[in-house]
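> This structure is in structure tokens; I'll ask about it shortly.
The values are calculated or read from the model by the stated rules, or taken from the named source; none is laboratory data. Worth saying up front: this structure is predicted, and the values here are computed from it rather than measured. Cβ placement follows ideal geometry from the backbone for every residue including glycine, while neighbour counts extend to all protein chains displayed.
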Amino acid sequence: MSRWRTRTAEPAGVPATVTWGLLGAWLVHDAEELVMIPGWSSRARPRLERNLPWVPGRVWDGLDVSPRRNATAIALMGVLMAAASADGARTGGRSGFYQAALVGFGLHSATHVAQSAVTRGYTPGVATAPLV
């Protein structure tokens, strides 16, 4: 038996530019949300109530988000997405944290498309969701 062992190389994973692409895609998408969410519900409420008459009024009331609350939520998610992208870059994309964030972002984007289909119109985030 030989004293020297040969090491099998681990797969290289994905380049850091790919994992940082998650943060870039998130930035593009959330820039739309930052601009469009405040005030959207009050503008869309008549259409939503007409298209979805079974939804209680308190649900529509809960959709009104102040610009400050919207920006705070987006900033907190930005920290999370930056951390996930960094962890993905560190591990060649093999990090569970990065992979969960990637899947979560994809599912989040799908919900924008579904919301627009159900409400039969624009919902904040749907313009960039299919692109990113």
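> Considering every residue within the stretch 114-132, establish whether at least one is closer than 23 Å to Val14 by Cα, touching a helix residue (DSSP H, G or I) at 6+ places or on another chain (Cβ under 6 Å) and at pLDDT below 90.
For the stretch 114-132, residues closer than 23 Å to Val14 by Cα, touching a helix residue (DSSP H, G or I) at 6+ places or on another chain (Cβ under 6 Å) and at pLDDT below 90: present.
> If the requirement is being touching a Ser or Thr at 6+ places or on another chain (Cβ under 7 Å), under 29 Å from Ala12 (Cα atoms) and either outside any helix (DSSP H, G or I) or at pLDDT below 95 (or both), which of these qualifies: Gly93, Gly106, Gly88?
Details: Gly106 fails: touching a Ser or Thr at 6+ places or on another chain (Cβ under 7 Å); Gly88 fails: either outside any helix (DSSP H, G or I) or at pLDDT below 95 (or both).
Every option except Gly93 fails the conditions.
> Another question, then. Provide a single number: the residues in the stretch 18-40 that are more than 16 Å from Thr111 (Cβ to Cβ) and part of a helix (DSSP H, G or I). It would help to see each step written out before you state the result.
Taking the stretch 18-40 and keeping what is more than 16 Å from Thr111 (Cβ to Cβ), we get 18-24, 27-28, 31, 34-35, 38-39.
Still in the list and also part of a helix (DSSP H, G or I): 18-24, 27-28, 31, 34-35.
Residues that pass the stated criteria total 12.
> Under 6 Å between Cβ atoms, at least 6 apart or on separate chains: pull out the pairs that start in the stretch 52-70 with a residue that is under 18 Å from Gly125 (Cβ atoms) and end on any residue that is of a type in the set (A, V, I, L, M, F, W, C) and surrounded by 10 or more Cβ atoms within 10 Å (Cβ to Cβ).
Val65/Ile37; Asn70/Ile37
> For the stretch 27-49, give me each residue that is at pLDDT below 90 and surrounded by fewer than 12 Cβ atoms within 10 Å (Cβ to Cβ).
Within the stretch 27-49, Ser42, Arg43 meet the criteria.
> Continuing with this model, one more query. So, Arg90, is that one more than 26 Å from Ala16 (Cβ to Cβ) and basic (Lys, Arg) or not?
Numbers: more than 26 Å from Ala16 (Cβ to Cβ): no; basic (Lys, Arg): yes.
No: the conditions fail for Arg90.
> Continuing with this model, one more query. Would you check which residues across the stretch 109-132 are within 23 Å of Ala84 (Cβ to Cβ), part of a loop (DSSP other than H, G, I, E, B) and in contact (Cβ under 8 Å) with a residue 60 or more places away in the chain and list them?
Of everything in the stretch 109-132, those that are within 23 Å of Ala84 (Cβ to Cβ), part of a loop (DSSP other than H, G, I, E, B) and in contact (Cβ under 8 Å) with a residue 60 or more places away in the chain turn out to be Pro124, Gly125, Thr128, Ala129, Leu131, Val132.
> To continue, here is another question. Do you know which residues across the stretch 76-110 are of a type in the set (Val, Ile, Thr) and either surrounded by 14 or more Cβ atoms within 10 Å (Cβ to Cβ) or touching a Leu at 6+ places or on another chain (Cβ under 9 Å) (or both)? Give the steps one after another, and end with the answer.
Looking only at the stretch 76-110, we keep the residues that are of a type in the set (Val, Ile, Thr), and these are 79, 91, 103.
Correct list: Thr91 only.
> Let me ask something else. Going through the stretch 32-51 one residue at a time, which ones are free of Cβ contacts under 8 Å to residues at least 60 places away in the same chain and of a type outside the set (Val, Ile, Thr)?
From the stretch 32-51, those free of Cβ contacts under 8 Å to residues at least 60 places away in the same chain are 34-35, 38-39, 41-43, 45-46, 49-50; that's our starting set.
Across the stretch 32-51, the qualifying residues are Leu34, Pro38, Gly39, Ser41, Ser42, Arg43, Arg45, Pro46, Glu49, Arg50.
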